[in-house]
2 protein chains.
Amino acid sequence: MRIIYILLLFLCIHSNAQQKLLGFTDAGSEKQKGLEKQFDAQMNAGNLDTWMKFLSSHPHHVGSAKGRANAEYMADLFRQWGYQTEINTYYVLFPTPKTRLLELLGSKPYKAKLEEPSLSEDKTSGQKSEQLPSYNAYSADGDVTSELVFVNRGVPADYEELERMGIDVKGKIVIAKYGGSWRGIKPKVAAEHGAIGCIIYSDPADDGYVQGDTYPVGPFRRADAVQRGSVMDMPVYPGDPLTPGVGATKNAKRLDIKDVKTIMKIPVLPISYEDALPLLQSLGGPVAPAAWRGGLPITYHIGPGKDKVHLKLAFNWDQKPVHDVIAKMVGTDFPDQWIIRGNHHDAWVNGAADPLSGMVAELEEARALGELAKNGSKPRRTVVYCAWDGEEPALLGSTEWAEDHEKELKEKVVAYINSDGNGRGFIGASGSHTLEPFFNQVIEDVKDPQTGVSVKERRYAKQLVDADKASRAKLLGNKYMKLGALGAGSDYSPFIQHMGIASMDLGYGGEDPGGEYHSIFDSYDLYTRFKDPGFQYGVTLAKTAGRITMRLSNADALPFDFNAFYKTLNDYATEVKAMMDNQRVETETQNKMIEENLFAVGKDPKKTYASPEVKQAVPFLNFSELDNSLAQLKTSAEEFQKMYANATTLPVEKLNQLNLLLYKAERSLIDTDGLPRRPWYKHQVYAPGFYTGYGVKTLPGIREAIEQRNWKEAQDNIGIVSKVIEAYNAQVQQAAKVFSKPTF
Amino acid sequence: MRIIYILLLFLCIHSNAQQKLLGFTDAGSEKQKGLEKQFDAQMNAGNLDTWMKFLSSHPHHVGSAKGRANAEYMADLFRQWGYQTEINTYYVLFPTPKTRLLELLGSKPYKAKLEEPSLSEDKTSGQKSEQLPSYNAYSADGDVTSELVFVNRGVPADYEELERMGIDVKGKIVIAKYGGSWRGIKPKVAAEHGAIGCIIYSDPADDGYVQGDTYPVGPFRRADAVQRGSVMDMPVYPGDPLTPGVGATKNAKRLDIKDVKTIMKIPVLPISYEDALPLLQSLGGPVAPAAWRGGLPITYHIGPGKDKVHLKLAFNWDQKPVHDVIAKMVGTDFPDQWIIRGNHHDAWVNGAADPLSGMVAELEEARALGELAKNGSKPRRTVVYCAWDGEEPALLGSTEWAEDHEKELKEKVVAYINSDGNGRGFIGASGSHTLEPFFNQVIEDVKDPQTGVSVKERRYAKQLVDADKASRAKLLGNKYMKLGALGAGSDYSPFIQHMGIASMDLGYGGEDPGGEYHSIFDSYDLYTRFKDPGFQYGVTLAKTAGRITMRLSNADALPFDFNAFYKTLNDYATEVKAMMDNQRVETETQNKMIEENLFAVGKDPKKTYASPEVKQAVPFLNFSELDNSLAQLKTSAEEFQKMYANATTLPVEKLNQLNLLLYKAERSLIDTDGLPRRPWYKHQVYAPGFYTGYGVKTLPGIREAIEQRNWKEAQDNIGIVSKVIEAYNAQVQQAAKVFSKPTF
């Protein structure tokens, strides 16, 4: 007995002897840890289950009765938990389908079903009258008949390949596989190449039977399930198409719909692989390159075929309300410093995984925080819990709210913490790299529910196990988790990319694969069987995001880290320069190959495969301004971080001064003119790719100009980025000065 | 008119101004080039067409009437062309099926069809009474019923994966995909793991509809087409199972069949993917890892399933004759120095591509050489054209003939040049690296029929075009063609691996993909539509192999190159050492991961996935003996090659002395005891892998011991290989001494 007791005591001491929390005094750190223990004790997985069951019980897309009811239900909850809660409503353009027709003409005619079935194993799948039919929001109206061409993922590289094969999509309808880019890129690039219609289908190789058993046996996509989704040109700007840059309030000035740049130019329709099969089977022309082939039991041809395809789409172009739930717990010490925590609540249909699995974790987090507050531990800074509406069509709710409150938010927001769905598995996170060391400390303190080790340790183990044997030695011992860079795809966009607010996006997953995404089968029944049975990881997300929120709201000195940011930024710069060097060698080599006729000699003369065109040699750009700004930042960041170690000993006044400088530093990464051809995106380090969509482009102004071989623009953007880094550096230096003793 | 004339004249001069042929005097080189021009002028694609049509008109497997008729037909041709021709017959064990039954039992029973259909588009496909049914030769007889397990390719790594997934094949029947190893490895490894039966099927991802349109629309494997083939354990020894090491003459001493090591221990049956589909669909258990999945429209599970499989096989274990056609043109100057050129003539069914496409090229080559001889240009060395029987079951004809004439061949053979099928596309070649520079000169002088550049240039272009953009710069300008190393899979094995005769294997391909391999659809109809229409590449193979044969037979100083061999050998040694270093790091890392419990923490707790076992640390072996022998060889080889540049100026007697040393050098790479556990394989540099089959293992004694973690054996083999290199080096030094002036 005694030995065990000592051992337990030792373990307790050992776990208490962890490092001090970043930004807290010793005492503050201990107090905060105690608070987190109380917070964890509040967690009740049953709540997540109850809420998900209620919120997903009917389709709750933008403009639906259930969407509104859900917003009100959550607002009531927040109020019960002690939050000052309001529903902010905006009025946005949200098209819904009036006509959907897709048919293969000719000798073997086929009319696409465009219909997902009711399943007895899935209780909500039969709510036909309430479901949005399968469609791509912000597709153009259209009635087109033409030959069909298979364009793989439909990204620019695929069209280069088509060109070499002598296949032109001008005047044709294209069919593209989902995946490989954000879906809106596919019709955009198709239209740029002259296509008059676009079909997007889910190939079974991506999330169907190739990956695992299909629903309801397993969670993967059935032959008849369709991925809905927006195709608005969000890499130009997200939010209501009619009110770029301003909140879509009732009386906001609106663009005429014909002047809107973000609505797709051609009709686009998503279909199932059951509907895609006859279309793909009808194609003639060359066999698709190996990398283009999917999992259907056919030889994939590129087309066109003998038979034409008829696509007819018409939409109701209605204005719909979006209801954002905004719940505030005003901070005791710094009411004007806000930590915002958000997840969206709207779905394409019932949306159990996307977005409710993240939403219910946020609710439980807010409830627990409310309980602590009721027990006397209110947050020192203001915490704002948001439940966004209209994320699915175009980040509508978050963008309009952010634009509507831009001035206040830029002034007050310390950080924005996002989630958007969650499942069983491993921590995944992207965000501002100033938050990286802080985040690493948080994930050391959250236990993985399946193994009992920290979620940081578990992710590290997974990474090593998954790595090929040859790469493991390099990874062994390196437990530090690099944050990904934020691209697009959820509600952090307006915060980080439009306003320069340090942001994070996080969630668990990797042991929750499935093919329910944006179909009627993203249901409570599927989620609780396959994605996170028992909501263990929902609770873990609440513990993780809750710690981030609470530590940011209670810290004495905000735990931002300029060193971590500098290192990442420097890596991006190195990457961009290396990319250009590679481009130079590749261009030289390819031009020599063309000169030596090697493309003509190496190809199969029975196939059309044109040599690429000779390209202009890649020049050397002047990177010195960027290098100098980075060198200065390195020095100041290192100097600052040395001082920051003692930040909590600063007098309160200086500490307040420091905190303002710390959280506003990210603001200086904004250039008011924004990125080339898309001024809404102002952050100079992180942006969604113009031709990748979700895919982030870091140092986007420089990187995309190089990719597009626009050397002048690349050089100009080196200047812009360097200026921004200099401004950032000035902020860091000012922060360092806070530490200097007053001179008499 | 005049300008064109001058231009033509210039081009002629330019092409005549090429480098001197290796091993010839200036005058000899010019004469040889003239001869090759005459040789080329003889080429007639129509002959290849006629012969292939005749030879493939009926099934001609071992023991068939048509096989014998084909041998006699070719013998007649050789005689007409002036060759001393005989048919050498050996008597070999060749099993054919008596009973073939495969059925899925249980609730959804299925009886495999095991039948390929007649097609109106393919004239020979209906010759049912003459066709060998689909089977694996040298399978065991057996009648087994058990659960089924899918084992991917059925190689040792797949069983490691199965073990980690907690799946045991003991007492079960396994189903494996073709590919990833020689087929005989699959039942061998299955039996080693306790399986009682093995089914091998052709997955559509490998050569069926995933790759292209199926026959008769395109050349790829139909759902009902089956790959026949041998599963004899040829990595132990090829040839007649009953007469290892000696010719299977009528009265040769034979083993009792029960004592034979190379006959498979369990019943094995190849099936189509149509027959495989219900079996695979019946499987339960875990979803197969991504890399294991094929192209069927199902979720691939590993099994077992609820329902058992019944496999019943019985064979006629008969002795059959194999008829080798041996056609000699005795050399004018060196009748006892032989160049052997061979291709097999037997097929599994009609065998148009495999082997006749290579056989008819050899025939045209022999015919043209015969015409030159009739016109007074007989070869200086003896040329022997061989048409082997029984290659498909076990290299029967070539092995028995080689074993029967071992002493003479070891004494006389300069080199063995093999082909085995041919098609449209690019030169491919493997062989003894002493022949590499010589071969590079040959392929500079053969024009590609589709583009008019040399086949060397075309291959170079293809390699560059196929390389990813990042790798191209490294390849640009490097036109030298590295020879592959000879593993197994055709008739060169007894020559190089058993007797140490420098060998080559070559053919064209890459623009002739298809799925006809070893099915009834490897027919004249398919070949002439898809593989090499017009036999342009058949003619090109005749020109290439013809040049090799003629130059070797006419050269003054045989064009062997010790430098090229040294460099390759040194690369292999470096590779083996690096492999061991990597193995050391990987073992260390994996052991640490096990110690830190990372496999347990990183895995999905809902799935069975055992941590690997802690492995013994990889020691450091003593490579000094190998390093020393290589260093010595480097010096002598360099010294020799400097002298060789003037070899043709040597007095005739010395030249003769030199030539003997040159072509016998490869003999010293033989160790009479052979490789561990397979003494028939005596070459210490090249061997087929014991667990890969076709896949070559260079420095096999060392490499395979390291792979098997048998450190003692690896160290012993470092010694054996070093001794062999020292013996080789002595040969090189003796060759160098030929150049030294006599001392008085």
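The values are calculated or read from the model by the stated rules, or taken from the named source; none is laboratory data. As the structure is a prediction and not an experimental result, all values here were calculated from the model. Please note: Cβ atoms are built from the backbone with ideal geometry, for glycine as well, and neighbour counts cover all protein chains shown. Remember, those area values only see protein heavy atoms, side chains included, never the ligands or the DNA or RNA. Shrake-Rupley method; radii C 1.70, N 1.55, O 1.52, S 1.80 Å.
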Helix axis angle, B:26-42 relative to chain B longest principal axis, alpha carbon, degrees
60 degrees
Measure of size requested: the Rg and Dmax of chain B, with Cα atoms as the atom set and Å as the unit; please supply both.
26.6, 94
Quantify how strongly other chains surround peptide A:595-607 by giving the mean number of their Cβ atoms within 10 Å of each of its Cβ atoms.
6
Check cross-link reach from B:LYS177 to the lysines: straight Cα distance under 17 Å, and skip same-chain residues fewer than eight apart.
B:LYS186, B:LYS188
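Ratio to report: Rg/Rh of region B:287-389, with Cα atoms as the point set and Rh obtained by the Kirkwood method; give two decimals.
Working: Rg = 24.3 Å, Rh = 18.5 Å.
Looking at region B:287-389, the ratio lands at 1.31.
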Starting from the Cα of B:ALA730, step 7 Å toward the Cβ, then list every residue of region B:610-642 with an amide N under 13 Å from that point.
none
Would you kindly state how much longer the chain becomes between B:ASP604 and B:TRP292 on full extension, computed as 0.36 nm times their sequence separation minus their alpha carbon distance, in nm to one decimal?
110.4 nm
Using the alpha carbon gyration tensor of region B:408-477, what are the three equivalent-ellipsoid semi-axes (square root of 5 times each eigenvalue), largest first, in whole Å?
28, 15, 12
Only helices counted: for the protein assembly as shown, with every DSSP H run of 4 or more residues adding -39500 (n - 2.57) and the sum spread over all residues, [θ] at 222 nm is -12000 deg cm²/dmol
Solvent-accessible area of B:ASP505, probe 1.4 Å, all protein chains present, reported in Å² to the nearest ten, please.
40 Å²
If I model region B:340-453 as equal point scatterers sitting on the Cα atoms and use the Debye formula, what is log10 I(q)/I(0) at q = 0.11, 0.12, 0.21, 0.22 Å⁻¹?
-0.44, -0.53, -1.44, -1.47
7 Å along Cα→Cβ for the label point: how many nanometres lie between B:ASP213 and each equivalent label in the other copies, listed shortest first?
3.9
Among beta bridges assigned by DSSP with both residues in the protein assembly as shown, the antiparallel ones amount in percent, to the nearest 5, to 60 percent
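Shielding of B:452-460 by partners, i.e. mean partner chain Cβ atoms within 10 Å per residue? Intermediate results must be reported in sequence, preceding the final value.
Details: counts 1, 5, 0, 0, 0, 5, 3, 2, 4.
The mean count of partner-chain Cβ atoms within 10 Å per residue comes to 2.
Quick check on chain B: of the DSSP beta bridges with both residues there, what percent are antiparallel, nearest 5%?
On the way: 47 of 79 bridges.
Close to 60 percent.
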Inter-chain shielding of A:204-211 (mean C-beta neighbours from other protein chains, 10 Å cut-off):
3
What nm distances, shortest first, do you get from the label point of B:PRO117 to those in the other copies when the point sits 7 angstrom along Cα to Cβ?
2.8
Please compute the length gained on full extension between B:GLU160 and B:ASN710, using 0.36 nm multiplied by the number of residues separating them and subtracting their Cα-Cα distance.
196.2 nm
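Of the peptides B:616-628, A:708-720, B:481-493, how do they stack up when ordered by the mean number of other Cβ atoms within 10 Å, highest first? Before the final figure, lay out each step's value.
Details: B:616-628: 14.0, A:708-720: 16.7, B:481-493: 22.7.
Packing proxy ranking, top to bottom: B:481-493, A:708-720, B:616-628.
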Magnitude of the charge dipole, region B:573-717, Cβ model with Lys/Arg +1 and Asp/Glu -1, debye to 20:
380 debye
Hits among lysines - C-alpha to C-alpha of A:LYS642 under 18 Å, sequence gap 8 or more where chains match
A:LYS20, A:LYS567, A:LYS634, A:LYS654, A:LYS737, A:LYS741
Quick one: the Cα spread of region A:95-319 along its three principal axes, in angstroms, biggest first?
55, 48, 30
Once both axes come from the Cα atoms, what is the angle between helix B:65-80 and the longest principal axis of chain B, in degrees from 0 to 90, rounded to 10?
10 degrees
Pick out, from A:ILE702, A:GLY179, A:TYR209, the residue whose Cα sits farthest towards the positive end of the charge dipole of chain A, with +1 on the Cβ of Lys and Arg and -1 on the Cβ of Asp and Glu.
A:ILE702
Measuring from the longest principal axis of the C-alpha atoms of chain A, the long axis of helix A:562-595 (C-alpha) lies at a number of degrees, nearest 10, equal to 20 degrees
As a test, work out the antiparallel percent of DSSP beta bridges whose residues both lie in region A:95-319, rounded to the nearest 5.
55 percent
Debye calc, one equal point scatterer per Cα of the protein assembly as shown, no solvent, log10 I(q)/I(0) at q = 0.04, 0.07, 0.09 1/Å comes to -0.32, -0.92, -1.31
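What does the charge count around A:ALA373 come to, taking other residues whose C-beta lies under 12 Å from its C-beta (Lys +1, Arg +1, Asp -1, Glu -1)?
Working: positive: A:LYS328, A:ARG367, A:LYS374, A:LYS378, A:ARG380; negative: A:GLU371.
Residues close to A:ALA373 contribute a combined charge of +4.
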Taking A:LYS123 as the anchor, which lysines have their alpha carbon closer than 19 Å to its alpha carbon, excluding any fewer than eight residues away along the same chain?
A:LYS53, A:LYS66, A:LYS531
Size of electric dipole in region A:95-319: Cβ of Lys, Arg +1 and of Asp, Glu -1, about Cα centre, debye, nearest 20
420 debye
Copies compared at B:ASP716 - label distances in nm, ascending, label defined 7 Å from Cα in the Cβ direction
7.5
Set Lys and Arg Cβ to +1 and Asp and Glu Cβ to -1, take the dipole of region A:562-737 about its Cα centre, and tell me which of A:GLY719, A:LEU655, A:LEU669 lies farthest positive.
A:LEU655
In bins 10 Å wide, starting from 0, what share of all Cα pairs of region B:562-737 does each bin hold, as a percent?
9, 30, 26, 18, 10, 5, 2, 1
Suppose every Lys and Arg Cβ carries +1 and every Asp and Glu Cβ carries -1, with no other charges. What dipole size does the protein assembly as shown come out with about its Cα centre, to the nearest 20 debye?
920 debye
Pull out a ≥ b ≥ c, the square roots of the eigenvalues of the alpha-carbon gyration tensor of region B:496-554, then state rounded if a/c is under 1.5, prolate if not and a/b is larger than b/c, and oblate in the remaining case.
oblate
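Using Cα pairs closer than 8 Å and at least 6 residues apart in sequence, work out the relative contact order for region B:559-677, in percent.
Working: 42 pairs, mean separation 43.5, N = 119.
Once normalised by length, the contact order is 37 percent.
Starting from the Cα-Cα distance between B:ASP673 and B:SER120, subtract it from 0.36 nm times their residue separation and give me the gain in nm to one decimal.
Working: separation 553, 0.36 × 553 = 199.08 nm, distance 5.44 nm.
Gain in length upon complete extension: 193.6 nm.
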When the convex hull of the Cα atoms of region B:463-502 is projected onto a plane and the area is averaged over all directions, what value comes out in nm²?
4.2 nm²
Near the axis that takes chain B to chain A, which B residue has its beta carbon closest, and at how many Å?
B:PRO297, 2
